[in-house]
1. Residue under question is Ser426, and the condition is that it be closer than 25 Å to Tyr32 by Cβ and of a type in the set (S, T, N, Q); does it hold?
2. Output the residues belonging to the stretch 214-244 that are of a type outside the set (Ser, Thr, Tyr), at pLDDT 90 or above and buried (at least 20 other Cβ atoms within 10 Å of the Cβ).
3. Report whether or not Ile109 is in the same structural domain as Thr16 (by TED's automatic domain parsing) and over 15 Å from Val386 (Cα atoms).
4. Within the stretch 413-435, track down each residue that is touching a helix residue (DSSP H, G or I) at 6+ places or on another chain (Cβ under 9 Å), surrounded by 15 or more Cβ atoms within 10 Å (Cβ to Cβ) and in a helix (DSSP H, G or I).
5. When you go through (1) farther than 28 Å from Gly387 by Cα; (2) assigned by TED's automatic domain parsing to the domain that holds Thr61; (3) among the polar types (S, T, N, Q) one by one for Asn163, which number turns out not to apply?
6. Does the stretch 345-392 hold any residues that are farther than 30 Å from Glu316 by Cα and small (Gly, Ala, Ser), and which are they?
7. Looking at the stretch 386-398, which of its residues are of a type outside the set (Gly, Ala, Ser), surrounded by 20 or more Cβ atoms within 10 Å (Cβ to Cβ) and either in contact (Cβ under 8 Å) with a residue 40 or more places away in the chain or more than 9 Å from Ile360 (Cβ to Cβ) (or both)?
8. For the stretch 374-385, which residues satisfy the criterion of being surrounded by fewer than 15 Cβ atoms within 10 Å (Cβ to Cβ) and within 17 Å of Met294 (Cα to Cα)?
Amino acid sequence: MLNTYFFCISAGQTITRKKKTPFSLKHRYLNYGLLSLATLLKEQNLPAIQIQGLFYSPQRTLQICIDEYNFLDSNYPLFLSIPSFYALDWAKEFINLIYRVKPEQKVIIGGRWVVGDSVENIKKVLPPVDQIIPGLGEIKLPAVLSKYGITFLKKVSEHYQLNYKLLHESHLYQPSFEISRGCGMGCAFCQEKDEKLTPLKPVTQLINELKHFILSNNTNEITPYFETSMFTPNRKWAVQLNEKLKEEGLKIRWRTEGRIDSISPENLLHLSEAGLTVLDLGLESASHQQLISMKKTSNPQVYLERASKLIIKAHEIGIKIKINILLYAGETKKTLQETEDWLEKHKNYIAGVSIGPVTIYGWDEDTTAYMNELILLGASISHTSVGIKYLNLSSEITFENSLEISRQLSKKFMTKENYFFLKSFSYLPRDYKYEDFLIDLEKIENKSDLSFSVI
């Protein structure tokens, strides 16, 4: 084959869940699943390059492929990962653009949350492609590529380290390090509710990955995200992480997410000493009724008491807490007030709040049972797009009401300073400074649409 690139493209978005702003369009959410595939390709001496569509147009992304990486000269197939249903329209347009300039191009589609367990649904909405791969791609990669006469020269590594050099404009991304997969706690709204939680990555392996990134990118000015659906650290893991970081002379501030009931308040000091700086906590609600409805807990009183202790303790030792709230089916003015009152009581301990209404993602045959559950709780469908159902939460709270309520609650409990800190820590480009943010903020005429206060 020609000495060109094997393109790994992460589909961008033409539609967004929240209103667009100059800074939200700068977000760089790393498709680390796709980077895993690109890394494995590179291990096999295949010249992989990953380009993320982000909020760019499909045309601009394709132009980057052509102008900077000689896409038209490549004889390799192209991976197109579709990370969410919001990226479907982008993906359709991108595929059509490819066929317009290069009709013979082989396109392979992946994206576990969009493809699902069957390829038939996505076949109906995309232009014809060469292969569609359900599930996780790593274990299927050798078989997928054998169709193109590409043979893996060595066994796929079990503990490979993500190669950020394969990422277009990698210097602008904060790195992510996957430390576990799955959850299995059974929350009704969670896509991983039935996926067994894997053990936390061993500290030694995580340290090696951090060192590899720092050496490869010649920088230690990073604030990585430790990717996991449920962070379950014990004291031994936290203490060992702190000790190993000190041994290596590394001072890393990092962020992760967890459940109220998966992190011990007594363990927070050890985690803080090991660099934990921002913790995203999935409180979801402070209404006893809603917590039970969403199967978050069977004992809301104990759950909320534990949440209070955890948040206060984190604040005392300097860990920034961002609370995630889910407006759920059956939500009423009363249940919303209960959540707002709880947040008000704890507002001095919270850096920010991320709030949004429950939305159903997935193909009809995969989501009908769940939709029926939500209907029994009082929800109804407001409107739909492919793979997405937007809901009226109850007779009191319509879909549009829920968006406005989300904005107002978020605004009440998050300042512009904390908004920037939380976003810049993990998502905004590494060269985007607070002064740039303030300049972009001034460009917004209607600041009432923002999810943070500007006073």
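1. So Ser426 passes the test.
2. Hits for the stretch 214-244 are Pro224, Phe226, Trp237, Ala238, Leu241.
3. So Ile109 fits the description; yes.
4. Lys416, Tyr419, Phe420, Phe421, Lys423, Ser424
5. (2)
6. The first filter runs over the stretch 345-392 and keeps only residues farther than 30 Å from Glu316 by Cα, leaving 357-392.
Hits for the stretch 345-392 are Gly362, Ala369, Gly378, Ala379, Ser380, Ser382, Ser385, Gly387.
7. To start, the set of residues in the stretch 386-398 that are of a type outside the set (Gly, Ala, Ser) comprises 386, 388-393, 396-398.
Now narrow it down to the ones that are surrounded by 20 or more Cβ atoms within 10 Å (Cβ to Cβ): 389, 391-393, 397.
Matches in the stretch 386-398: Leu391, Asn392, Leu393, Ile397.
8. Once the filter is applied, which keeps residues that are surrounded by fewer than 15 Cβ atoms within 10 Å (Cβ to Cβ) and within 17 Å of Met294 (Cα to Cα), the stretch 374-385 yields Ile375, Leu376.
The values are calculated or read from the model by the stated rules, or taken from the named source; none is laboratory data. Every value quoted in this text rests on a predicted model; they were computed, and no experiment measured them. In this analysis, Cβ positions are derived from the backbone assuming ideal geometry, glycine residues included, and neighbour counts consider all displayed protein chains.
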